[in-house]
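Chemist: First the structure, which I've put down as structure tokens, then a few questions once you've had a look.
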Amino acid sequence: MFTQLALLSVLAVFVAQATMNLPSQEQYNAELKSAGMSQAGIDGLNVLSQKFVSQYPVVQANKEAADKFLAEYTEEAQNYVKSMSPEDQKIYAESLKKYGLA
């Protein structure tokens, strides 16, 4: 459950960056790279965030469809994070803490 919340929170970084003091996706990518995350790790997170940004608005008005999307998306995101190298997972977790998302 915690992982689900953390993953959805990170996605909120990309969705809500205009209204909060959060970095743009490009800035966040640069921070992850500077912290030592692999390019593959950054690219995978970008794919997930783009999927959320492009597909969630399509289903958000329908509770059943939104719930289904979020459940499937969360499972996909959790599996992706688990597949990351331990180093990338650590950097990702630290980035969540930095922005108060963990």
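Chemist: So if I check each of S95, S54, which one is hydroxyl-bearing (S, T, Y) and out of contact with any helix residue (DSSP H, G or I) (no Cβ under 8 Å at 6 or more places or on another chain)? Don't jump to the end; show me each part of the working.
Modeler: Working: S95 fails: out of contact with any helix residue (DSSP H, G or I) (no Cβ under 8 Å at 6 or more places or on another chain).
It is S54.
Chemist: If K97 satisfies all but one of (1) at pLDDT 95 or above; (2) part of a helix (DSSP H, G or I), what's the number of the condition it fails?
Modeler: (1)
Chemist: Which residues, taken from segment 49-89, are within 24 Å of L32 (Cα to Cα), of a type in the set (A, V, I, L, M) and not in a loop (DSSP other than H, G, I, E, B)? Reasoning before the result, please.
Modeler: So the first thing to find is which residues in segment 49-89 are within 24 Å of L32 (Cα to Cα), and the list is 49-54, 73-89.
Next, only the ones that are of a type in the set (A, V, I, L, M) stay: 53, 77, 81, 84.
Residues satisfying the conditions are V53, A77, V81.
Chemist: Quick one: N21 ticks every box in (1) among the polar types (S, T, N, Q); (2) without any contact (Cβ under 8 Å) to a residue 40 or more places away in the chain; (3) not in a loop (DSSP other than H, G, I, E, B) bar one, so which box is it?
Modeler: (3)
The values are calculated or read from the model by the stated rules, or taken from the named source; none is laboratory data. No experiment lies behind these values; they were computed from the predicted model shown. Backbone-built Cβ (ideal geometry, glycine too); neighbour counts: all protein chains shown.
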